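Peer 1: Here it is: the structure, laid out below.
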C-alpha cells in the first residue's frame, strides 16, 4: 500500500487481523520493510502488524533535505495520523529504535508498549569511533574524486564498513547518515515511562549488548534480554526466540 505523507510517497504493508492490537515496526538504517515480512508473519497470528519503508529506503521517497532523528520521528507520527492509526506497540530495530525513543520522549509517538531490538543511538561510549567515521567519510570523498562513479561508491562502502558502523552506509543518504550517527538518545531514554523490552544479540558487534545495558539503566522498569547465537539482525538469526520474547512481553 502507498500513501502520501508530508509530500513523500510512502510504502507500507499491513498483515494480520484488522481488529487485533496494532504493532508498528520501524526498520534500521539501509534496511526496508522487505526484510521484515517473515518475522512480521509470526506476530500477525495475534496482532495487526504494520511495516513501512522509512524515507530514503525501500520504495518510499527520499527526504528532500538532510534529516536527523527528530525529522524521522515526526514523519512516523505524521504517517500514523495519515492512516488513522494509534499503535499499541512500536518495535524499533537499530536506527528504528533510536527513532522510536526520540519520538516517545518528544511525545509525538504514544504507544502503550515499546520493543527495542538491537537499538542504536548510544554514542557516548565511542567518541573516538564517531570521529573516525567522520574522518573516513571525508577521506573517502577526497580519495575517490578521480575515480569513476561505480568505483567511488565501492570505495566509500569499504571505508564505512572498515569503521564497523552500526548504521550501514546508504550511498544516496550520506549527509543524513552523518547527522544521525552523531545523535545520542540516552537522555531521551531516561524520559520514558512505559513498559519497554530491550533485546540484543549476544554476538552483535554493531550495537553490542553494552548498549542494551546502558539503555536498561536509563529506562525505569525496562526488561533486558540477551539472545545467544544472534548478531545485529537477531530477528533473522533467532526469529523463534525473539518472537517468543516479544509475545511474552506483550501478553
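Peer 1: Once label points are set 7 Å from the Cα along Cα→Cβ at both residue 62 and residue 202, what is their separation, rounded to one decimal in nm?
Peer 2: For residue 62 paired with residue 202, the spin-label model returns 4.1 nm.
Peer 1: Residue 251 versus residue 194, label points 7 Å from Cα toward the beta carbon: distance in nm?
Peer 2: Label at residue 251, label at residue 194, 2.2 nm between them.
Peer 1: Using the basic label-point model (7 angstrom from Cα toward the beta carbon), what is the residue 14 to residue 178 distance in nanometres?
Peer 2: For the pair residue 14/residue 178, the computed spacing is 4.0 nm.
Peer 1: Okay, moving on. Volume per residue, Å³, of the convex hull around the alpha-carbon atoms of the range 169-251?
Peer 2: Hull volume over Cα atoms, normalised by residue count, gives 115 Å³.
Peer 1: Within the range 58-83, list the residues whose amide N lies under 13 Å from a label point set 7 Å along Cα→Cβ of residue 6.
Peer 2: Residues 61-82 qualify, since their backbone N sits under 13 Å from the label point.
Peer 1: Among 189-202, 46-59, 218-231, how do they line up by average Cβ neighbours within 10 Å per residue, starting with the highest?
Peer 2: Result, highest mean Cβ count within 10 Å first: 46-59, 189-202, 218-231.
Peer 1: Then there is this: How big is the antiparallel share of DSSP beta bridges in the range 1-105, given as a percent to the nearest 5?
Peer 2: Within the range 1-105, antiparallel bridges account for around 50 percent of the total.
Peer 1: Then there is this: Please work out the FRET efficiency for the pair residue 41 and residue 210, using the Cβ-Cβ distance as r and a Förster radius of 30 Å; give the result to the nearest 0.05.
Peer 2: Calculated value: 0.45.
Every number in this text was worked out from the coordinates using simple rules, so none of it is lab data. This one's a predicted model, so the numbers in the text were calculated from it and none came from an experiment. Heads up, the Cβs are rebuilt from the backbone with ideal geometry, glycines too, and the neighbour counts pull from every protein chain shown.
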